[in-house]
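S.K.: If you scroll down you'll find the structure; I have some questions about it.
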Amino acid sequence: MELYLIRHGIAEERAAEIKDEERVLTKEGRQKTKKVAQRLVQLDLHFDLIVTSPLVRARQTAEILVEAGLSSQMEECHYLAPGGNIKIWLKNWLEPRNYAQNTQIALVGHEPDLSQWAEILLWGEAKASLVLKKAGMIGIKLPEIGSPLGRSQMFWLTPPKYLL
C-alpha cells in the first residue's frame with residue numbers, strides 16, 4: 001500500500017477572531033494547490049481514496065484534489081486533525097478496512113503531524129528531520145505484512161515548488 005501524506009495549502013494566518021479549525025485557504029493557497037493537483041494528474045497519479053482532516057483548510061485542499069481528478073472518493077477522518085496519533089489511526093482506521101496491497105491513499109492534514117507520522121513509519125520514531133511544506137507531499141510504501149512502524153519506505157518527498 002502507498003500512503004501519500006499531503007499538507008494543506010496556504011491558509012489564513014492565525015488570528016484571535018478566527019477559530020483555528022475554521023481557517024480557509026487563501027486565494028494564493030487555492031491557486032498553488034490547484035497547480036500542484038494539475039501537475040500530479042500530469043504525472044498520472046491517482047488515489048483510490050483521499051482522506052482529510054476535518055479542519056476547513058485541509059478539507060478545501062482535499063476537494064481541490066478531487067476536482068482535479070486525482071480521486072473520486074473523499075472521506076473525513078478526525079484522526080488527521082492536529083495532534084492525531086498514527087498508531088491509533090493505524091489500529092482504528094486503516095487495519096479494519098483491510099485494503100489491497102496496491103491501494104493508494106492520500107492523507108490530507110497538518111504539520112508537524114504528517115512529518116512525524118512519516119518519520120514513525122520510516123524509523124519507528126519522530127526525529128524532526130523531515131519538513132513538509134504547504135501543498136507538499138511525502139509518499140510512503142507500507143510493507144506487505146507486519147507492522148508498518150519503522151519498516152516502511154519513503155519514495156517521494158516533494159515541496160510544491162518542484163511541481164509548479
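Here, each number is a calculation from the coordinates, and none is a lab measurement. Every value quoted in this text rests on a predicted model; they were computed, and no experiment measured them. Here Cβ is always computed from backbone atoms with ideal geometry, including for glycine, and neighbour counts include all displayed protein chains.
S.K.: Please find the FRET efficiency linking residue 93 to residue 12, where r is the Cβ-Cβ separation and R0 is fixed at 25 Å, and quote it to the nearest 0.05.
M.R.: Numbers: r = 28 Å, r/R0 = 1.13.
Given R0 = 25 Å and the Cβ-Cβ separation, E is 0.30.
S.K.: Calculate, in nm to one decimal, what residue 39 and residue 147 gain on full extension: separation in residues at 0.36 nm each, minus their alpha carbon distance.
M.R.: Values: separation 108, 0.36 × 108 = 38.88 nm, distance 3.23 nm.
Difference between extended and current length: 35.6 nm.
S.K.: Still on this structure, I have one more. Say the cut-off is 25 Å between C-alpha atoms; which of 91/133; 35/127; 27/87; 32/127; 19/141; 87/141 go over it?
M.R.: On the way: 91/133 27 Å; 35/127 31 Å; 27/87 35 Å; 32/127 29 Å; 19/141 35 Å; 87/141 16 Å.
Distance filter (> 25 Å) returns 91/133; 35/127; 27/87; 32/127; 19/141.
S.K.: Then there's this: Post the alpha-carbon centroid distance, the range 1-39 to the range 50-123, in whole angstrom.
M.R.: Here the two parts' Cα centres lie 14 Å apart.
S.K.: Could I ask something else about it? Quick one: which residues, 5 or more positions from residue 52 or on another chain, have an amide H under 5 Å from its amide H? H modelled 1.01 Å from N in the peptide plane, none for Pro or chain starts.
M.R.: Those lying under 5 Å, H to H, from residue 52 are 75, 76, 77, 108.
S.K.: Still on this model: For volume of the Cα convex hull per residue in Å³, the listed values are [x] 142; [y] 105; [z] 124; which was obtained by calculation from the structure presented?
M.R.: The value matching this structure is [y].
S.K.: Under a 5 Å amide H to amide H cut-off, with H placed in plane at 1.01 Å, what residues pair with residue 11 once short-range neighbours are removed?
M.R.: Counting only residues 5 or more places away or on other chains, the set is 26.
S.K.: Which whole-Hz couplings ³J(HN,Hα) result when phi for each residue of the range 145-158 is put into the Karplus expression 6.51 cos²θ - 1.76 cosθ + 1.60, θ = phi - 60°, listed in order with x for Gly and Pro?
M.R.: My calculation for the range 145-158 gives 9, x, 5, x, 5, x, 10, 8, 10, 8, 10, 8, 8, 9 Hz in order.
S.K.: Along Cα→Cβ, 7 Å out, is where each label goes; now give me the distance between the ones at residue 128 and residue 49 in nm to one decimal.
M.R.: 3.4
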